[in-house]
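The values are calculated or read from the model by the stated rules, or taken from the named source; none is laboratory data. Just so it is clear, the structure is predicted and the values come from calculations on it, not from any experiment. Glycine gets a Cβ as well: all are built from the backbone with ideal geometry, and neighbour counts include every protein chain shown. Remember, those area values only see protein heavy atoms, side chains included, never the ligands or the DNA or RNA. Shrake-Rupley method; radii C 1.70, N 1.55, O 1.52, S 1.80 Å.
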Amino acid sequence: MTPESRPALNTLLQRQLKRLGLTNPAMPPAPEIWRQLLEKVSRAYTEAEQERYLMERSQAVSSSEMNDLNRELREAQGRLKSLVSLSSDWVWEQNADLCFTYFSEQHSVTTDIDPAILLGTRCMEGEPYHAAQDHRSAYLDCVGVHRPFRDLTFGYNDAAGQRFYMRISGEPIFEFNVFKGYRGVASDVTKTRLAEEKVAHLASYDALTGLPNRRSFIVEVDRALERSLRSGVPFAVFFIDLDRFKNINDSLGHAAGDTLLKVIATRLTQLLRKTDMVARLGGDEFVVLLENCIDAAMLANIATRALSAINETLCIENCCFQVRGSIGISMYPEDCQDAATMLKHADAAMYLAKSKGKNNFQFYTTELAERAEQQFSLESDLRQAVEREEFQLLYQPKINIASGKMVAVEALIRWRHPTRGLISPGEFIALAEECGLIGPIGQWVIKAACRQVHDWRCEGLQSPRCAVNLSVRQFNVDGLVEEVVQALASNQLQADALELEITESLLMANPERALDILLQLHRLGVHIAIDDFGTGYSSLAYLKRFPAQTLKIDRSFVQDLPDDQDDATITKALIAMAHSLGMEVVAEGVETSAQLDFLREAGCDEVQGYYLGRPMAPHEIAARLLPCPLEASAA
């Protein structure tokens, strides 16, 4: 066999032949060598088949495992996508420049906001972001050194200018130790944050007027103290109380009272400088912080303008009226060294203004501290007096001018204080109205007066009709008619044994409500008297509708009779008008015989006053129940 005709053998086979010494394929091998060759060739085929099998098996297993891994990956991705879509949170990413590059595609389920507006912006930097300084600083500190951050909140405005809030947490992304950005989650916390802001606002501001409340005012006064301490420039606090607010609130209702408070808040805010602070403490009390006020003259001018603003006519529910105010003023550093004391001193000065006729302002003085302490002590004693029933009634006669007989009495309350003795109503009635005790006291007066009439009758005396004054609060609280019915029934009295005196201003505060209550009392048979007539602004159209039997002329018109011609003319006109309406006339405050003679000539029906009889104890009235001449009574 020539070299050209030799078959091309596999390299592996050539190596095997070489190991067997068969380098010359032309020479036939020995039988043993041939056998060995066949064994090796057979083993080579076997190994090759095994390797091919193992290869195929390995490929099959790898393919199956890869398919399983791909399936698991797809399932995991599906679960993640489902969870992200169901979650109220967003997934987000930032690049190495800390700009948002990705937000999961969904809107907030609570506010329907779309975070896509933030794509391409650097978190918490510039518009549209708004973040508290501590959260902004924490974020910048973390991203500056590529640390994770948790639960940082920021706000941002959407295209319409509406503000939303987001809370984010994130971790840095690294690839081969190279910083690539951040990845994290974000939550819509707008609803929670707005609720927190509302709570914070309510904690610092009055819900009705929108003015700062007591807490905010005290904080600001403390800051003003620090500023004044550094600058040496004094400042002042006004304490303002509305003098007729309770009448309006009780007569027209709480809605009208709320309207009044909002109007006064607006007037004071518009009157003062932007640097001044107006706050509402509660009820009808306002306070004002005025900085850079050099002297008392400047403060007096501001207080005068504030009173004028308060006094402007106000119309609510077709009823026009004027509200007056009392202002107390305290100054730093003259009067105090801390906010609480400053407010307390201004309050004391305000009460001084009230005691001097209201509708004025007063500066704090050292004497007021003692007076305020006495007032507080008196209020505490008054509350105990109601519980202990330390009150008693005296009775002032009403004399018929024509007959000279005592035809009625007026019950007048006195407070028998355990240490201070007998206290007149002028010293505690206003306080009772201020602290809400006038209602229980008024109820006690009606019951005690009816009980006394019953006692006189039980003694076999012809007791006169007894008149009781009604307060504004009594008249406007539901249940007055029922209280009267119960007091009469428990003492076995007819309704005409009782007369209720109601002031003219009380009637005109809410004429329709007053008419309804008076009609109910009139149907029972209770006598009605309009007290202090001539001091208000009654409409005759309303007056003739009220079922009143008696009109009482206020003592201010009687005290200068007969010398004052104006008072004389007014008194005669009032008497003539009342008679034309079928009403009897009682003049109160008669203290001289000249006054009595004038009233007799003017046609007045009844009179009462110190000239005819001071307020007396029940046994003194009992002694005068028998008919007697007018001159004897006067004596």
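A few remarks follow.
- Test: residue 215 is open to solvent by 20 Å² or more (accessible area, probe 1.4 Å), touching a residue at least 60 places away in the same chain (Cβ under 8 Å), under 30 Å from residue 330 (Cα atoms) and not in a strand (DSSP E or B): no
- All of 159, 131, 116 fail the test of being of a type in the set (A, V, I, L, M, F, W, C), open to solvent by 70 Å² or more (accessible area, probe 1.4 Å) and at pLDDT below 85, apart from 159.
- Just one of the numbered conditions (1) among the β-branched types (Val, Ile, Thr); (2) part of a loop (DSSP other than H, G, I, E, B); (3) open to solvent by 10 Å² or more (accessible area, probe 1.4 Å) is not true of residue 341: (2).
- Filtered by the rule that a residue be outside any loop (DSSP other than H, G, I, E, B) and among the polar types (S, T, N, Q), the stretch 316-338 gives 326, 330.
- Members of the stretch 357-371 that are closer than 26 Å to residue 333 by Cβ, modelled with pLDDT under 85 and open to solvent by 40 Å² or more (accessible area, probe 1.4 Å): 365, 366, 367, 369, 370, 371
- Among the residues listed as 576, 541, 594, the single one being part of a helix (DSSP H, G or I), at pLDDT below 90 and over 14 Å from residue 399 (Cα atoms): 541
- Breaking point among (1) crowded, with 16+ Cβ neighbours inside 10 Å; (2) closer than 28 Å to residue 439 by Cβ; (3) of a type in the set (A, V, I, L, M, F, W, C), for residue 376: (1)
- Within the stretch 597-615, the set of residues being in a loop (DSSP other than H, G, I, E, B) and under 15 Å from residue 402 (Cα atoms) comprises 603, 604, 605, 612.
- Residue that is nearest to residue 174 (Cα to Cα), among those in the stretch 134-156 that are of a type in the set (A, V, I, L, M, F, W, C) and surrounded by 14 or more Cβ atoms within 10 Å (Cβ to Cβ): 143
- So residue 53, is it open to solvent by 70 Å² or more (accessible area, probe 1.4 Å), at pLDDT below 75 and either not in a helix (DSSP H, G or I) or not aliphatic (A, V, I, L, M) (or both): no
- Meets criteria (open to solvent by 40 Å² or more (accessible area, probe 1.4 Å) and more than 30 Å from the chain's Cα centre (by Cα)) for residue 183: yes
- Of the residues making up the stretch 381-425, those that are open to solvent by 50 Å² or more (accessible area, probe 1.4 Å) and either under 17 Å from residue 615 (Cα atoms) or within 34 Å of the chain's Cα centre (by Cα) (or both) number 7.
- Some residue of the stretch 69-89 being closer than 30 Å to residue 140 by Cα and at pLDDT 65 or above: yes
- When 225, 271, 252, 261 are screened for being open to solvent by less than 40 Å² (accessible area, probe 1.4 Å) and within 14 Å of residue 287 (Cα to Cα), only 261 passes.
- When the stretch 326-355 is filtered for residues that are within 23 Å of the chain's Cα centre (by Cα) and free of Cβ contacts under 8 Å to residues at least 40 places away in the same chain, only 344 remains.
- For the stretch 288-305, the criterion of being surrounded by fewer than 18 Cβ atoms within 10 Å (Cβ to Cβ), assigned to a helix (DSSP H, G or I), in contact (Cβ under 8 Å) with a residue 24 or more places away in the chain and of a type in the set (S, T, N, Q) is satisfied by at least one residue.
- Positions within the stretch 306-325 being more than 20 Å from residue 362 (Cβ to Cβ) and either within 24 Å of the chain's Cα centre (by Cα) or surrounded by fewer than 16 Cβ atoms within 10 Å (Cβ to Cβ) (or both), in sequence order: 312, 313, 314, 315, 316, 317, 318, 320, 322
- All strands (runs of 3 or more DSSP E) inside the stretch 457-538 with 1 or more residues being acidic (Asp, Glu), open to solvent by less than 60 Å² (accessible area, probe 1.4 Å) and farther than 16 Å from residue 252 by Cβ: 498-503, 527-533
- Each residue in the stretch 144-172 was checked for being touching a residue at least 12 places away in the same chain (Cβ under 8 Å) and not in a loop (DSSP other than H, G, I, E, B), and 19 of them qualify.
- Of the residues screened, residue 234 is not one that is surrounded by 16 or more Cβ atoms within 10 Å (Cβ to Cβ), modelled with pLDDT of 90 or more and either within 23 Å of residue 339 (Cβ to Cβ) or among the aromatic types (Phe, Trp, Tyr) (or both).
- Meets criteria (exposed (fewer than 14 other Cβ atoms within 10 Å of the Cβ) and closer than 30 Å to residue 281 by Cα) for residue 202: yes
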